[in-house]
Structures are given as structure tokens and as C-alpha cells.
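A short reminder: the numbers here are calculations on the coordinates, not readings from a lab. Everything numeric here is computed off the predicted structure, so don't read it as measured data. Please note: Cβ atoms are built from the backbone with ideal geometry, for glycine as well, and neighbour counts cover all protein chains shown.
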């Protein structure tokens, strides 16, 4: 099912402050790269299982997201394909599908992208609001710079 798509996927809920990091980072990356990029930049928001087909079509997939790794808020996290956990966590509802589970399903089906990389930060505040917390805002230029470095490596 892989078609060789090269995608940067911004994840998260922009209505919950730092949870929207992935989408906001995607927008800043788009402004920096312009139309010259060989990569599709997609706002995955909170689409969950609806992203499975996109994931399975990718040869290269860069994920931008807020990640809870029990580090200090604003800590930048980078994970390569083999470091990204592909399992189902504890859910409050059977209707919730995490993006980890989307990756797990793609893996089970044999369509996990060959090149997979995650860049994110430990959030500080995921309360309702549109703006990023100060520590996440400070980390954002480095998140975008690291994304550019990954894309350069994948050219």
C-alpha cells in the first residue's frame, strides 16, 4: 500500500494550549519551507484512525507532536522509528484511538513507513486555550530547526 509519499504530520489539539504544538510547529515549518518542499505538510490534528491510510502510504513520515515523557516542560524529544512505542495504552473509552495505536496497526498490517521520526516537546499546560506556554514557545525554533534537519537528511 506504500506509495512513496513523504509527509510531515502535525498532531494535536490546538484548543488545548501545548497539546497543539505539533500543528503549530507544522505551520511554522510550512512558512519556512514555502512551496519548494518535496514533502507534504499535513495537519493531522486529532484525526486518529482516519490517519491510518496516510501513514500506510508513506515511505517517509515525520511526526510533530506534544509528547509526555516525564521530563521538564519544554524538553525537546526526538525518537527514531525503532524508539517509538507501538502499543495501546490505557483508555478511558473504547472509542479513543491514540496515534500510537495507528502506528501499531500500520506495523501489524506491514505498512509502517520505512523512515519514521518523531520530534516533540514535553507540554507544560494542556488546559483550554489557543496560545502555547512560554517554555514551549521558546523551544519552538529548535523544534522547527530539527524538523528541517530531518527533511534535509531524507532528501
Exercise. Give the relative contact order (percent, whole number) for the chain; include only Cα pairs under 8 Å separated by 6+ residues.
Key: 33 percent
Quiz item: Any idea what diffusion coefficient region 95-155 gets from Stokes-Einstein, in µm²/s, Kirkwood Rh on alpha carbon pairs, 20 °C, 1.002 mPa s?
Solution: 150 µm²/s
Quiz item: For the pair residue 2 and residue 59, how long in nm is the line joining their label points, each one 7 Å along Cα→Cβ?
Solution: 0.9 nm
Self-check item: Label point distance in nm, residue 154-residue 76, each placed 7 Å from Cα along Cα→Cβ
Solution: 1.7 nm
Quiz item: Out of the DSSP beta bridges found with both residues in the chain, what percent are antiparallel (nearest 5)?
Solution: 20 percent
Practice problem: Note the full-extension length gain between residue 32 and residue 145 as 0.36 nm times their separation in residues minus their Cα-Cα distance, in nm to one decimal. | Solution: 39.7 nm
Self-check item: Residues 59, 133, sorted so that the one with the fewest Cβ neighbours within 10 Å comes first
Solution: 59, 133
Practice problem: Return the calculated 222 nm mean residue ellipticity for the chain, to the nearest 500 deg cm²/dmol, obtained by summing -39500 (n - 2.57) across DSSP H runs with n ≥ 4 and dividing by the residue count. | Solution: -10000 deg cm²/dmol
Exercise. Over the alpha-carbon set of the chain, work out the extent along each principal axis and list the three values in angstrom, largest first.
Key: 42, 41, 23
Quiz item: When the C-alpha atoms of region 1-89 are aligned to their principal axes, what extent does each axis show, in angstrom, from largest down?
Solution: 37, 32, 23
